[in-house]
Structures are given as C-alpha cells and as structure tokens.
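K.L.:
Could you have a look at this structure, given as structure tokens, before my questions?
The values are calculated or read from the model by the stated rules, or taken from the named source; none is laboratory data. Everything numeric here is computed off the predicted structure, so don't read it as measured data. Backbone-built Cβ (ideal geometry, glycine too); neighbour counts: all protein chains shown.
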Amino acid sequence: MSSTLTVPIPASPEPAAPAASRKCDTTGLNVCLGAERFIQFNAVAAVVFLLVGGIAAILLALTRWQAVHLLPVDWFYRVLTLHGVNMLLFWILFFEVAVLYFTCTVPLNARLFSRKIAWASFAQMLIGALMVNGIILKGQADVLLTSYLPLVAHPAFYLGIILVATGTLTAVYNFFATLYVARRDRTFEGSMPLVTFGATAAAIIAVVTLLHGAIVMIPTFSYAMGWTAQPDPMWYRMIWWGLGHQSQQVNVCAMVSVWYLIGQLTTGAKPVNETVCRTAFLLYILFINLASAHHLLVDPAVGSAWKIWNTSYAMYLAVLASMIHGFTVPASVELAMREKGHAKGLFGWVTHLPWKNPAFSGALLSLLIFGFIGGITGVTLGTQQINIIAHNTLRITGHFHATVVGGTSLAFMALTYYVIPLIFRRDFIWRSAARAQPWMFGIGILFVSLGMSFAGSLGVPRRIYDIDHSGAFGAAAHLMLGVMGIGALLAVTGLFLFVILCVGTLLFGERNHGRAMADWGVAQALPGSREGSLAEDHWAVKGTIALTAVFLACFAVYYFANWKALADVWPVR
C-alpha cells in the first residue's frame, strides 16, 4: 500500500493519538479501533448482500435473454424485486456507512463519536434487510423496488425498508457527531481532506433522501397494516423518487470521493484545484435532487413548466458538477504522472500508470463507464421530449446499470483492495485473479449496459417477462438481448470472483500486522523528476483535455441522434 495518502499536519506539539487506536504500519495513520470494528461489520454485510443481488442478476439476465428464458413468470418478478433492493439499497448503503465511518475518523485522526449509536445503526439496518429479503423470498412482496401503489406487499416489506432507512440515518448522525468532535478537539488543522468533504456532501444528500423514504414508506406501511386509507398513487410516485433517484446521488458523491482517494493512493495525484472540486460537491447538494424529475416526465400529475425547468435547466447544474469531477480526477493523475517524469507525447503517461493495481484499474473503469455511458445517456434521457420515447424501455435500465453498477459498485470494489489490507490487516490471496477481476466485471457491465440501451432503442420494454409472444421485435432486438446476457455472465463471474477473493482473504489471507503490507503497485517517479514543477503549466494536462474533447464529441453525436429518432417518431407535417 502506498504511503502517499496525506493528512493535514497537526499543530505542534503533536496531539496524542485518539483513544483505543492503532497506527497503520504503512501509512502512519491512526485507525480508531471503534470505527474499525464497524467498518468491518458494515463492509462484510455489504458484500453478503452484493452476493445475493448478483445471484438474482444472473437469473434475471438469463430470463430476459429470450433464447434462454430461464425463470417462470412469477419468479421473474420476485427475483427482480430481490435484485433491486439488494443491489440498489442494501449493498450500497452498508458499504457507504463503512465509507462514512472511515472518512470521519482515519483522515482526521479522530475517534468515532459513539459505539452504541453505531451498534443501533447496524442492528436496525441488518434486521430490516433480513426482513425484506425474507418476505420477498416467501412470495409476499412481488412489487418490484418501486412498489408503486395500488400494488401492496406484506407490511414487513415496508417496515424492513423503514428500519434500513432509520438505521442509515442513525449512522449519518454518528458521522456528523464525529466531525464535530474532531473539529472541537482539533485533531486536524485547516480544511477537512477532500475525501471527507465529499463524504460529507453524500451524508447531507442522504438525510434528504432518507427523509423522503420515511415520508412515503410510513403511510404505506400503515395502509398495508389496514390502519389508514390508501395513499394517493400520484403522490406516492412523486415522493418515492425523492428516495429512489436521490439515493443514486449519494452514491455519486461517495463514488467521486473514492476516485480522488484511489488516485492519490496509487499515483500520488492531488486535485488540480481543491476549491473547484469542493464547489462541484456543493453543486451536487444544491441541485442534484432536481434530477429525480426525469422519472416523472410521462406522469400527467406533474405540470409541463415544472418538468421543463427541472430537467432542461436546473439539472444541468448538477451535470456540471459531474463534468468537473470527470475532468479534475484524470487531470490530477496526468499531472502527477508528468511530474514523475512520464511526459512523453500526448498519452505517454498512460502507459506508466499502475495498471496491475486492481484498485487503480477499477477506479479508472468506474470513471470511464460512468462518464461515457452513464453520463451521456443520463443527460439525454433527462430531456423531456426524448424521455417520452425512451421512458420504461430497457434504455433506462441500461443507463442506471452504467451509473450504479459500472460506476458506484465498481468504485467500491476498487476501494476494497485497500480497505481489507488496512482495516482487516490481511494481504489478498490469489493476486493475479484480483488484478483481472475489475476488468472482468467492468467489461461485462459495459456489454450489459450497451445491450440494454440498444434493445431499448429498438422498443424493448423494461420489466417485461416475455417479448416473444408479441411478434413485434425482430432479430436485432434479440441480438441485443443476447449481448446483454453474455455481458451479464461475464460481470456476475467477476462479481463472484470478487466475493471469493474477499472471503478467502478474510479466512486465509496472510496477516500483515507489524509490517508494511504488500503493495499492489503504484506509479513510480523517474530519476530527476520534480514534484510540483508543472503546477503552473496549464497545458500540462493536455492528454485529459484531448479526452474531454472526445467525450464532448460523443455526447453531441448521441444527443443529436436522439433528436433524429424523435423526429422519426413524430415527423413534422
């Protein structure tokens, strides 16, 4: 593990390490033992629910792939519900709580505010997740992740989600309280590190998101119990998307924070301009919630003026934040590599990146898939007129598999390659397989997303069990569903490999306590290179500028191709 992770130097004399802590032999950072325990608990739970969601994923892909068509119809919708709640809620929320506990303690040299609160959080989340999974497998909650009214599940389904939400809010409270104690006790100087700042932005959005969940789930639970009348379905849809889509924005903040952290760990990269990066996180807080509107663009209950303002204007301020991060992360890496002496040509620095480090390759693939596939398709689908022809097709599913799976999940997997040696203090087993795992998972998800997106462009609907009976879809649609299925086989193989590596390492990995842990590989400096020598050279990141131009060209081509498709659907007469 690299020693390039920097923490603000405390004022002299140096304050004592926080109570009940240990010093990492590689980084020199103090790790709070209380936080370490709950990072471990939440990370392990996250991987377990990832495995459940992955098993459901391959069953679904082999069912939507019409040539295989594996599951019967009732089990298709049951497994689809299981897949949604485990992948979009449980895997990500448990892992994000682990990230929150790490970022509020280790980089700040701080202690966790309360172990009792951490226990209360973990217990609520675990009990709630087990309740939801149990009731789904019993066949009493075949309502999909959105659970739109008037569909009604067993009350335990809603109660379980409420417990997960309240447990996560409890962890967020512990996070903010820890930040307060760290500032009060002056465990760090100056501004908080960027990774902690990004996690704070995620926590702020999480509060708004989870409150939406409470507002919508509590009356629905009451209705399922027979205590109150049915909530209005239109009201339900609008408030639910304050939970459903905004939770992805929590993921985005956490994912971007991971990008910055791994860039620094593997290449020594520092943000080109921290003020700009922090401003981008602020844009997420202020405007990202408005992007939830694109799920309601075909809903007659919402007025056109509101739809146009939210999706055609305000949403782009949040998109601007992602484009800033999408530029500053690779720019910081390029600048670090050129300062290490790898400055030959436009992309000469790329060949010297630590490609054998699975944390680096996973983070880079996460950035590329999220930006080029998820970002471009998301902005396009958020345009009101285009959304009308794409809504509820597989294009929507292709988009969020690129953002949530190819972006967030892959970034979290990448971070795990440092979390396990640092927090669990074991070296990874089967390192050659670990190096291949991010590529296997990332390429698989790329094919899944592209197969879904093109099938959706041919009109294939989402959430539909069987398209063969209609006779409306030709060979091209079936080909794209086959591409999706093959990609799913590859991606789920990568997911299973990740789980095997994590579990195998925890059980059989060599202990690294008392010595520097084995390094995955970091970018090395050439003799005579000078760090910081290119800080004032605005063309030092010319490779990133070229990649940005390619991205904008791809966006323009895709965006206007959609307008051409719209004109073909509704030709001007």
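K.L.:
Going by the conditions given, is ALA110 hydrophobic (A, V, I, L, M, F, W, C), surrounded by 20 or more Cβ atoms within 10 Å (Cβ to Cβ), in the same structural domain as LEU50 (by TED's automatic domain parsing) and over 19 Å from MET217 (Cα atoms)?
P.N.:
So ALA110 passes the test.
K.L.:
Something else about it: Please go through the stretch 155-167 and pick out each residue that is under 14 Å from ILE117 (Cα atoms) and in contact with a Phe, Trp or Tyr (Cβ under 9 Å, 6 or more places away or on another chain).
P.N.:
Within the stretch 155-167, the subset under 14 Å from ILE117 (Cα atoms) is 166-167.
GLY167, the sole residue that qualifies.
Residue by residue, here is whether (1) assigned by TED's automatic domain parsing to the domain that holds THR146; (2) within 14 Å of the chain's Cα centre (by Cα); (3) within 30 Å of ARG111 (Cβ to Cβ) holds:
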{"position": "ASN174", "(1), (2), (3)": "yes, no, yes"}
{"position": "VAL195", "(1), (2), (3)": "no, no, yes"}
{"position": "ALA199", "(1), (2), (3)": "no, yes, yes"}
{"position": "ILE204", "(1), (2), (3)": "no, no, yes"}
{"position": "LEU210", "(1), (2), (3)": "no, no, yes"}
{"position": "TYR223", "(1), (2), (3)": "no, no, no"}
{"position": "PRO231", "(1), (2), (3)": "no, no, no"}
{"position": "HIS245", "(1), (2), (3)": "no, yes, no"}
{"position": "VAL258", "(1), (2), (3)": "no, yes, yes"}
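K.L.:
Kindly indicate the residue of the stretch 61-77 that is surrounded by fewer than 20 Cβ atoms within 10 Å (Cβ to Cβ) and touching a helix residue (DSSP H, G or I) at 6+ places or on another chain (Cβ under 7 Å) and also farthest from GLY451 (Cα to Cα) among those meeting that condition.
P.N.:
LEU71
K.L.:
If you don't mind, another one. Hey, any hits in the stretch 266-274 for a residue that's surrounded by fewer than 19 Cβ atoms within 10 Å (Cβ to Cβ), under 20 Å from GLY242 (Cβ atoms) and touching a helix residue (DSSP H, G or I) at 6+ places or on another chain (Cβ under 9 Å)?
P.N.:
No, because not a single residue in the stretch 266-274 is surrounded by fewer than 19 Cβ atoms within 10 Å (Cβ to Cβ), under 20 Å from GLY242 (Cβ atoms) and touching a helix residue (DSSP H, G or I) at 6+ places or on another chain (Cβ under 9 Å).
K.L.:
Now for a separate question. Can you tell me which of (1) buried (at least 19 other Cβ atoms within 10 Å of the Cβ); (2) under 21 Å from VAL550 (Cα atoms); (3) modelled with pLDDT of 90 or more is the one CYS277 doesn't meet?
P.N.:
Of everything listed in (1) buried (at least 19 other Cβ atoms within 10 Å of the Cβ); (2) under 21 Å from VAL550 (Cα atoms); (3) modelled with pLDDT of 90 or more, CYS277 misses just condition (2).
K.L.:
Restricting attention to the stretch 404-415, which residues are crowded, with 24+ Cβ neighbours inside 10 Å and touching a residue at least 60 places away in the same chain (Cβ under 8 Å)?
P.N.:
Scanning the stretch 404-415 gives VAL405, GLY407, THR408, SER409, ALA411, PHE412, MET413, ALA414, LEU415.
K.L.:
Here's a check for you: in the stretch 335-356, which residue that is in a helix (DSSP H, G or I) and touching a residue at least 40 places away in the same chain (Cβ under 8 Å) is farthest from VAL550 (Cα to Cα)?
P.N.:
In this case the residue turns out to be GLU339.
K.L.:
Looking at ALA182, is it assigned by TED's automatic domain parsing to the domain that holds ILE92 and touching a helix residue (DSSP H, G or I) at 6+ places or on another chain (Cβ under 6 Å)?
P.N.:
No; evaluated as a whole, the condition is false for this residue.
K.L.:
So for the stretch 240-248 (the condition being closer than 24 Å to GLY374 by Cβ and not in a helix (DSSP H, G or I)), does at least one residue qualify? It would help to see each step written out before you state the result.
P.N.:
In the first step, residues of the stretch 240-248 are kept if they are closer than 24 Å to GLY374 by Cβ; the result is 240-248.
Next cut, not in a helix (DSSP H, G or I) only: 245.
Yes, the stretch 240-248 contains at least one residue that is closer than 24 Å to GLY374 by Cβ and not in a helix (DSSP H, G or I).
K.L.:
Could you please let me know if ILE239 is of a type in the set (A, V, I, L, M), more than 21 Å from HIS401 (Cβ to Cβ) and either crowded, with 23+ Cβ neighbours inside 10 Å or modelled with pLDDT of 85 or more (or both)?
P.N.:
yes
K.L.:
Under 8 Å by Cβ, and 6 or more places apart or on different chains, what pairs join a residue from the stretch 91-111 that is on the phi < 0 side of the Ramachandran plot with one that is in a loop (DSSP other than H, G, I, E, B) and aromatic (Phe, Trp, Tyr)?
P.N.:
Note: pairs meeting the criteria are PRO107/PHE188; LEU108/PHE188; ALA110/PHE188.
K.L.:
Further question: Can you name the number of the only condition in (1) at pLDDT 90 or above; (2) within 24 Å of ARG64 (Cα to Cα); (3) not polar (S, T, N, Q) that LEU367 fails?
P.N.:
LEU367 satisfies all of (1) at pLDDT 90 or above; (2) within 24 Å of ARG64 (Cα to Cα); (3) not polar (S, T, N, Q) except (2).
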